[in-house]
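Coordinate-derived values only; no laboratory data. Worth saying up front: this structure is predicted, and the values here are computed from it rather than measured. So basically every Cβ, Gly included, is an ideal-geometry build from the backbone, and we count neighbours across all protein chains shown.
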Amino acid sequence: MTMGSYVPPIPNKPWIETPLVESTALSLSANCRIFLKLELLQPAGSFKSRGMGNLILEHIKHASAQSSSHKPLHFYSSSGGNAGLACVIAARSLGYKASVVVPMTTKPSMIAKLQAAGATSVIQHGESWHYADAHLRNHILNHPQAKTEEAEEEGIYIPPFDHPAVWAGASTIISELQHQLSDNQPPDAIILSVGGGGLFAGIMLGLDQAQDEAWSHVPVLAVETDGADSLAQSLQAGELITLPGITSIAKSLGAIRVADQAFQYAQRPNVKSVVLDDAEAVMGVCRLADEERLLVEPACGVCVALCHEDKLREVVKGLGPQSRVVVVVCGGCDVDVGMVVRWREEYAQRFRELRGGYLMGKGREGTD
C-alpha cells in the first residue's frame, strides 16, 4: 500500500468538555446567578473547535469508509481568524493538512497564529469574510488543476458556520450543560454572540434535541454589536439581508449575512435579538479581564455587557436572585493585553457614561 492510499483509524474528537463556573461578581451585578461556559479553553481558544472539528471528523469518517486508494485530504477554510485557527488545529491534531483564506482586514498577529499552528498556507483576499470565502470556493477549490485525476490531494471545504455538522458540533455545549447544572434542570436563559450564526444554530439544535422538552423553551439572547448586526437587521426586514460591510470593532462577528438556519431559529418566540455598541462590548472584555482573569475578544465580551440587573431584565422578564443564566464565553484569539489597555483609553468617556446610566437604573437608555 502506498503512503497516499493509507487511511488512518478514526481519531478522537478534537475538542474538549469545557468547565461551567458561577461568577460571583457578575451574579452580584445581575442580581441572579450567572454561569460562564468557558469555551475560550478549547484547543483553538474558542467554541469553533467543536463545529470545525466535528465537520472534519465527518469527512475523515466518510473517507475511511471509501476505497483505500483515495487521495490524502487537505482541509480548506475561510475565516477572519478563529474558525480558520480551529480548522488548522483540529486537522493538524488528526494528522491532516489545512489552509485558510482570510480577509485583508485580518491582523498580522492572527496570521502569525495561523502559521504557528501549522497552516499549510494562509491566503489574504477581500475586504470581509464574504469575499474571502467566495475566493476560496470559486477560485482555489474550483481551480481546474485541483479537480484533475493527477491532483495529489483532495481539497475539502470547511465552512466556518453554515453547515449542519458545524451546528451539531456546537450543540454539544447543551449536552454538557445538562449534566453540569446541579439539578439537570434547564437554565432560565442562555446568552451568546451571533456572527454567522453557527454557535446560535448549534445551541438551538441542542435545545431541540434535549430529552426534557423544557429545554426547548429556554430564552436565548442572540447578541450582536452595532455594525455587525446582520441577524437583527434581517429580523427587522423580515428577510435575510446582506450588510454592505462590517463597521464594528467585533470583527469575529463580521459576517455580512447570517446562515439561513440561524435566521429561521431567530424567529422563534424564545429567541431575543439584542444589539449593543462597541463600547459595551469592550466594557465586557474589561470586566472579564478584571473580575474573572479571562482574556476574550469584543465579540465575546458583548455578552457580558448584558450581565447587569437593569439591562438583563429588560430582555428577560421574571428573573430573580436564584435564576440561572448561562453566558457562553465563546473566546477568540485575536486579542492581547495591549489591545485591552488601548481600548480602556479609547472608550474611557463612554465607560463613564455607561456606568452612570447603570447607577441611575436606566441602563443604556440613560446614556444616549
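Structure values in brief
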| item | result |
| --- | --- |
| Length added when fully stretched, Ala25-Lys107, from 0.36 nm per residue minus Cα-Cα | 26.3 nm |
| Value of relative contact order over the chain, rounded to a whole percent, pairs C-alpha under 8 Å and six or more apart | 19 |
| Alpha-carbon centroid distance for the pair region 324-352 / region 22-66, whole angstrom | 19 |
| Interchain or long-range residues, amide H under 5 Å from Val271's placed H | Val220 |
| Options Ala305, Val315, Leu288, ranked by Cα towards positive dipole end of the chain, top entry (Cβ charges) | Leu288 |
| Radius of gyration and maximum dimension Dmax of region 49-157, Cα, Å | 13.6, 41 |
| For region 49-157, size of Cβ-based charge dipole, Lys and Arg +1, Asp and Glu -1, in debye | 360 |
| Computed E for Val337/Gln211 - FRET, C-beta separation, R0 41 angstrom, nearest 0.05 | 0.40 |
| Quarter of Cα convex hull surface for the chain, i.e. mean projection, nm² | 18.4 |
| Taking region 49-157 and dividing mean pair separation by its residue count, relative contact order in percent (alpha carbons under 8 Å, at least six apart) | 29 |
| Beta bridges by DSSP in the chain, antiparallel share as percent, to the nearest 5 | 15 |
| Packing-based ranking, highest mean first, of 27-34, 275-282 given that Cβ atoms within 10 Å are counted | 275-282, 27-34 |
| Extension gain (nm, one decimal) between Gln185 and Glu314, 0.36 nm per residue minus Cα-Cα | 44.1 nm |
| Simple spin-label estimate for Glu17 and Ala348 in nanometres, 7 Å along Cα-Cβ | 4.6 |
| Per-residue [θ]222 nm for the chain (sum of -39500 (n - 2.57) over DSSP H runs n ≥ 4, rounded to 500) | -11500 deg cm²/dmol |
| Length released on extending from His139 to Asp290, taking residue separation times 0.36 nm less the Cα-Cα span | 49.9 nm |
